[in-house]
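Here the structure comes first, spelled out in structure tokens, and everything after it is commentary.
The values are calculated or read from the model by the stated rules, or taken from the named source; none is laboratory data. All figures in this text were calculated on a predicted structure; none of them were measured in a lab. Methodologically, a virtual Cβ is constructed for each residue, glycine included, from the backbone with ideal geometry; neighbour enumeration extends over all protein chains shown. Keep in mind that these areas ignore ligands, DNA and RNA; they rest on the heavy atoms of the full protein, side chains included. Shrake-Rupley method; radii C 1.70, N 1.55, O 1.52, S 1.80 Å.
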Amino acid sequence: QYRGHIRDVIFKDINVTDGLLPFSIFCGFDEQHQVENITIDNLVVHGKKITTLEEAKVYTEFTKNLQIR
């Protein structure tokens with residue numbers, strides 16, 4: 001009953017210049033308290049633009065409408 005919501009977040013212009021790309025986790029609490037409408041905009045790793053969630057090493061649970069562009 002006291003859980004909130006995470007919605008409409010943009011992660012923009014992230015540039016990994018050294019080391020390994022760490023994995024990221026987007027995880028809501030349950031079906032009624034999901035993480036929603038998340039955009040990763042312009043993720044670059046060692047000079048290469050990442051265009052898929054698989055390349056970005058993203059794990060999700062109770063998350064909807066997560067996109068990378």
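See the values below:
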| item | result |
| --- | --- |
| Leading residue by the ranking (modelled with the highest pLDDT) among those in the stretch 50-63 that are of a type in the set (D, E, K, R) and surrounded by 12 or more Cβ atoms within 10 Å (Cβ to Cβ) | 61 |
| When residues of the stretch 16-48 are limited to those that are polar (S, T, N, Q) and open to solvent by 100 Å² or more (accessible area, probe 1.4 Å), the one farthest from residue 63 (Cα to Cα) | 17 |
| Within the stretch 19-69, considering residues that are free of Cβ contacts under 8 Å to residues at least 24 places away in the same chain and among the charged types (D, E, K, R), the one farthest from residue 5 (Cα to Cα) | 48 |
